[in-house]
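Inspection log for the structure reproduced underneath, given as structure tokens.
The values are calculated or read from the model by the stated rules, or taken from the named source; none is laboratory data. Source: prediction; values computed, not measured. Note that each Cβ is placed from the backbone with ideal geometry, even for glycine, and that neighbours are counted across all protein chains shown. Quick note on the areas: whole protein, heavy atoms, side chains included, nothing else; ligands and nucleic acids left out. Shrake-Rupley method; radii C 1.70, N 1.55, O 1.52, S 1.80 Å.
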Amino acid sequence: MSDPEFPVVIYHNPSCGTSRNVLAMVRAAGYEPTVIEYLQTGWTHEQLRDLAGAAGLTFRQLMRTRGTPAEELGLTTDGVSEDQILDAMIAHPILVNRPLVVTPRGVKLCRPSEVVFDLLDRHPASFIKEDGEIVDLSGRP
């Protein structure tokens with residue numbers, strides 16, 4: 001059930017287990033999010049500035065290094081500016097870590113996946129991740 005009073009947007013990479021878990025967690029909580037597959041749509045400078053700012057992250061903190069060209073592009077060395085990282089993220093969307101989730105409660109990089117519940121008004125009593133790990137949410141307000 002979609003909730004127009006509480007919109008949820010997930011910037012999603014379907015190849016990422018954490019991103020798939022977050023999407024499933026949002027749906028298990030009773031939301032039907034807007035799913036943006038950012039590897040297909042790409043990013044704009046303004047969009048990433050807004051998301052990073054709202055999440056309280058620098059572009060370096062938002063950058064994914066594992067499984068990306070970050071090292072080959074020289075982005076992991078000292079002295080690389082935030083603007084250089086941002087430009088690289090626009091050219092190579094895979095450099096943006098995922099999943100980013102936006103709700104009326106804020107914006108977060110949801111790693112680990114359970115972080116998404118901080119952004120939701122409701123949640124299931126428990127959730128089983130893809131790998132079989134059980135997330136107990138029964139004591140959560």
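Output the qualifying pairs, or none if there are none: Cβ atoms under 7 angstrom, residues six or more apart or on different chains, first residue in region 80-97 and in contact (Cβ under 8 Å) with a residue 40 or more places away in the chain, second residue open to solvent by 10 Å² or more (accessible area, probe 1.4 Å) and of a type in the set (Gly, Ala, Ser).
93/42
On the basis of being open to solvent by less than 20 Å² (accessible area, probe 1.4 Å) and free of Cβ contacts under 8 Å to residues at least 60 places away in the same chain, does residue 125 make the cut?
no
Report, by residue number, each residue of region 37-55 that is open to solvent by 40 Å² or more (accessible area, probe 1.4 Å) and either basic (Lys, Arg) or closer than 14 Å to residue 97 by Cα (or both).
Once the filter is applied, which keeps residues that are open to solvent by 40 Å² or more (accessible area, probe 1.4 Å) and either basic (Lys, Arg) or closer than 14 Å to residue 97 by Cα (or both), region 37-55 yields 37, 39, 49.
How about region 72-141: which strands (runs of 3 or more DSSP E) wholly inside it have at least 2 residues that are of a type in the set (A, V, I, L, M)?
Fully inside region 72-141 and qualifying: 100-103, 106-109, 134-136.
Which ones in region 11-56 are among the aliphatic types (A, V, I, L, M) and without any contact (Cβ under 8 Å) to a residue 60 or more places away in the chain?
35, 36, 39, 48, 51, 52, 54, 55 - these are the residues of region 11-56 that are among the aliphatic types (A, V, I, L, M) and without any contact (Cβ under 8 Å) to a residue 60 or more places away in the chain.
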